[in-house]
Amino acid sequence: MSVIIPSGTSAGAYYLILRADADGVLSEADETNNDLSRNIGIGPDLVIRNLTIPTCVEPGATKYILLTIANQGACRPDVP
C-alpha cells in the first residue's frame, strides 16, 4: 500500500488512520479491532538555537556572526 501526502499539506503533526472493512461488508467475530492509527510528522521546523554577535561594529567593517540552526521538525535526516 502507498500513501501520497498532497504537496500542499502544511507542516505539522498528523495522524495516519487505517481501517479494514471500512464499509462493514464482512461479518467478523470481532468488529472492534479494525482500526489502527499512527502519528506522522510532515515537514521541517527550523529554529535558531544559538546566536553570537559582536556588541560593537564600526561602519564599513566586516564582522562575523555565529549561529546554530536546528531542525526540530518531523522530517529530519536522522529520524526514519
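Which residue, Asp21, Asp30, Asp45, has the most motion in a Gaussian network model of the chain that connects Cα atoms within less than 10 Å?
Asp30
Most fluctuating residue of Gly41, Gly60, Gly24 in a GNM of the chain with Cα springs under 10 Å: which is it?
Gly60
In whole Hz, what ³J(HN,Hα) sequence does region 60-65 give by Karplus (6.51, -1.76, 1.60; θ = phi - 60°), x for Gly and Pro?
Per residue, the Karplus-derived 3J(HN,Hα) values read x, 7, 9, 10, 10, 10 Hz.
With Cα Rg over 2.2 N^0.38 Å defined as stated, name the option among (1) 1.28; (2) 1.49; (3) 2.03 computed from the structure displayed.
After the calculation, the listed value that fits is (3).
For Cα pairs less than 8 Å apart in space and 6+ apart in sequence, what is the mean separation divided by the residue count of the chain, i.e. the relative contact order in percent? Provide the component values of the computation, followed by the final result.
Values: 98 pairs, mean separation 24.4, N = 80.
Over the chain, the number comes to 30 percent.
Bear in mind these aren't lab numbers, they're just calculated from the coordinates by the rules spelled out. Bear in mind the structure is a predicted one, so any value in this text is a computation, not a measurement.
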